[in-house]
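**Student:** First the structure, which I've put down as structure tokens, then a few questions once you've had a look.
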Amino acid sequence: MWKDGVMGVRSRATAGGAQYALAVSSSVVTLTVPSGAYCASIFVRGSSGVTFTTDGATDPTATKGTTAVANSEISLNSKDEITKARFIRASGDATMDVEYFTDVSS
């Protein structure tokens, strides 16, 4: 959040509705976003990464999207990103743990 031209720190709290062990394979996966969530933290587990897009129109493929390697974190920092994100495995099947957060800044 910007105030007087300076980026401020947003305080956040869990929004509930976490998705643990979300399987990502050869079909596109989207997130089930709880109401009130404004961002998400995603941990990619296992030996394979995921490829994702956040424009809401493009399905990720081997040649389209951003790849997150195994054992890395993806930060989606807006309601727009979390509702439009699409995921597919990068090579072998992958698993993601997703936690959602709400803004509690004053």
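**Student:** Tell me which residues come under 5 Å, amide H to amide H, from C39 once H is placed; ignore anything under 5 positions away on its chain.
**Tutor:** HN-HN under 5 Å from C39: F101.
**Student:** Over the chain, with a single point scatterer placed on each C-alpha, what log10 of the ratio I(q)/I(0) does the Debye formula yield at q = 0.10, 0.19, 0.20 1/Å?
**Tutor:** Relative scattering, expressed as log10 I(q)/I(0), comes to -0.29, -0.90, -0.97.
**Student:** Treat the count of other C-beta atoms within 10 Å as a stand-in for reagent exposure and order F43, F52, F87, F101 from fewest to most.
**Tutor:** Details: F43 15, F52 24, F87 27, F101 20.
Least crowded to most crowded, the residues run F43, F101, F52, F87.
**Student:** Suppose we keep just the alpha-carbon trace of segment 55-96; what are its Rg and Dmax in angstrom?
**Tutor:** Values for segment 55-96 (Cα only, Rg and Dmax): 10.7, 29 Å.
**Student:** For every helix of n ≥ 4 consecutive DSSP H residues, a contribution of -39,500 (n - 2.57) applies; sum these over the chain, divide by its total residues, and give [θ] at 222 nm rounded to the nearest 500 deg cm²/dmol.
**Tutor:** Numbers: 1 runs with 6 residues, N = 106.
Taking each H run of at least 4 residues, the total per residue is -1500 deg cm²/dmol.
Every read-out reported here was derived from the displayed coordinates using simple, explicitly stated rules and does not represent laboratory data. Note that the structure is predicted; figures quoted are calculated from it, not measured. In this analysis, Cβ positions are derived from the backbone assuming ideal geometry, glycine residues included, and neighbour counts consider all displayed protein chains.
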